């Protein structure tokens, strides 16, 4: 109890010894700041002086990625590029030698011959029917057989096209489906592969996505189109989606951002640190010790001026968005403002003492 009486007397002494409280503001001398243990922090900054960042992984949008796979089983005869190579759409990237390609070509030729024969039969029966020499049922049967043979031949040629085995011989040319960069090679020269085995993975690297993990309470105040930037770099973009599910283990929400500036400096799979500009830059995470209750209002003390002798604080009403552990997310403080985070109870006591004068 003597300690609290001494502290109260000291605070009242400060309040009557030159402190001013015009328009709910306080001005203290540096000696008083040190005596009361008052410390400040910059909103949007960590204790180490860096901007508050969140981990993010660089991803390629699904629509900008293609997998070049073996359409049929075979032997890898040639690989033209390696991971990191830039390729053009239609460029031949690999050759496969496949006996199955010969079988597909044989089946297509047989289907063509059968279709040609049945078309000739149909033409002859149409002439015979016109002369009244055959029944209509025979003409209909010939027409159905010809149509079936044509459909089968079309199916065989489509299979050839999908396999890339349209030319004679058992060699298949595998070509790039898009302009892009080879990210991964899935086979080796001379390897025997099965159908659908990945040969190359190709991606267009602009624009890129960032998948960002943020605490659930932070995500609650974010919206699509909020701007993001990579800490310490010139890379920027905007949020394109805010997840609706919370990871049970980490209690984080997945955000997805599209990079619209500086994507050429990023690499898929890279992990970076990202800052997020909340709406108007006013939603901040602060230590719970930065807030106080005064006249039924939650307040923070914002440093408005300071030099070697005096420091001034303005009383700012804030709104608590969410709270978890020893930190709170508030609305009403701008990024970059200096906020008192220690000694706040002393500032509140001084404010209350001045208010009674």
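What follows draws every value from the coordinates through simple rules; no lab data is involved. Please read all numbers here as calculations on a predicted model, not as lab measurements. Neighbour counts are summed over all protein chains in view; Cβ atoms, including those assigned to glycine, are modelled from backbone coordinates with ideal geometry.
Here are the numbers for the structure shown:
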item: Euclidean distance of C-alpha centroids, region 58-76 and region 126-148, integer Å; result: 48
item: Degrees, to the nearest 10: 344-355 long Cα axis against longest axis of the chain; result: 50
item: Relative counts (whole %) of C-alpha pair distances in region 64-203, using bins that are 5 Å wide; result: 2, 10, 16, 14, 12, 9, 8, 7, 6, 5, 4, 3, 2, 0, 0
item: The chain: angle of helix 136-163 to the longest principal axis, Cα-based, in degrees nearest 10; result: 50
item: Full-stretch length increase - residue 124, residue 136 - with 0.36 nm per residue and alpha-carbon distance subtracted; result: 3.0 nm
item: q = 0.06, 0.10, 0.12 Å⁻¹, the chain: log10 I(q)/I(0) [Debye, one scatterer per Cα]; result: -0.49, -0.81, -0.96
item: Residue with peak Gaussian network fluctuation, the chain [Cα springs, cutoff 10 Å], from 56, 161, 130; result: 130
item: Candidates 216, 115, 197, ranked by Gaussian network fluctuation over the chain, Cα under 10 Å, top entry; result: 115
item: Rel. contact order, % - alpha carbon contacts under 8 angstrom, at least six apart, region 64-203; result: 48
item: Extended-chain gain in nm, criterion 0.36 nm per residue less alpha-carbon gap, residue 67 and residue 216; result: 50.2 nm
item: Calculated FRET value between residue 196 and residue 57, using beta carbons and R₀ = 30 Å, to 0.05; result: 0.65
item: Pair residue 179, residue 261: separation of 7 Å Cα→Cβ label points (nm); result: 2.5
item: Rounded tilt (10° steps) of 99-130 against the dominant C-alpha axis of the chain; result: 60
item: Value of relative contact order over the chain, rounded to a whole percent, pairs C-alpha under 8 Å and six or more apart; result: 25
item: Inter-probe distance in nm under a simple model that places probes 7 Å from Cα toward Cβ, at residue 234 and residue 154; result: 5.6
